[in-house]
Amino acid sequence: VTQLGETVAILRDPEVYDNRKEEIVSRMFGVIDPGHPYISHIYSGGPYLLGGEVELLDRIRYNDGLDEWRKTTTELEEEFKAKGADVVYAFQTRNPTHAGHAYLMKSAGE
């Protein structure tokens, strides 16, 4: 359910796990520092984690001007085929691209 109350997916065969925060933090970061923003975020979570198969009911749209670039695997494969691409490279990040990453992406395409 989105922040607007729209149902966008169904969690099938849900599984409930204990949220072993200290174990998660120590394995991910090698330290237990509640002052670290990501570690603090993990510790702010509840006592359980949910897992299972997620069935999307419709394409998720963020209406941020970038939705046209969020493509499914099938859409990407069709686009590569239409362009006659025999090699494809990709880089994904959830944060803004840093200069070093931009250089790697540009160099890989040359």
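The values are calculated or read from the model by the stated rules, or taken from the named source; none is laboratory data. Note that the structure is predicted; figures quoted are calculated from it, not measured. In this analysis, Cβ positions are derived from the backbone assuming ideal geometry, glycine residues included, and neighbour counts consider all displayed protein chains. Accessible surface is based on the protein model in full, side chains and every heavy atom, while ligands, DNA and RNA are left aside. Shrake-Rupley method; radii C 1.70, N 1.55, O 1.52, S 1.80 Å.
How much FRET efficiency would the formula 1/(1 + (r/R0)^6) give for ASP58 and GLU79, where r is the Cβ-Cβ distance and R0 is 35 Å, rounded to 0.05?
Efficiency for this residue pair is about 0.95.
If you count only protein heavy atoms with a 1.4 Å probe, what accessible area per residue comes out for the chain, rounded to a whole Å²? It would help to have the intermediate numbers written out before the result.
Numbers: 9720 Å² over 110 residues.
Accessible area per residue, the chain: 88 Å².
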Ordering LYS106, LYS21 by accessible area with a probe of 1.4 Å, largest first, what comes out?
LYS106, LYS21
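Go ahead and estimate [θ] at 222 nm for the chain from helices alone: -39,500 (n - 2.57) per DSSP H run with n ≥ 4, summed, over the residue count, rounded to 500. Before the final figure, lay out the partial values.
Numbers: 4 runs with 37 residues, N = 110.
That calculation yields -9500 deg cm²/dmol at 222 nm.
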Rounded, prolate or oblate: which fits the chain when a ≥ b ≥ c are the square roots of the eigenvalues of the alpha-carbon gyration tensor, with rounded for a/c under 1.5 and prolate only if a/b beats b/c?
oblate
What distance in nm separates the two pseudo spin-label positions at ILE24 and GLU68, each 7 Å out from Cα along the beta-carbon direction?
3.7
In the full protein assembly as shown, how much of MET28 is accessible to a 1.4 Å probe, in Å² to the nearest 10?
120
Amide H to amide H, which residues 5 or more places from ALA9 or on other chains are under 5 Å from it, using H placed in the peptide plane?
LEU57
In whole percent, how big is the carbon plus sulfur part of the accessible area of segment 1-53, probe 1.4 Å, protein atoms only?
54
State, as an integer percentage, the relative contact order of segment 18-99 based on alpha-carbon contacts under 8 Å between residues 6 or more apart.
20
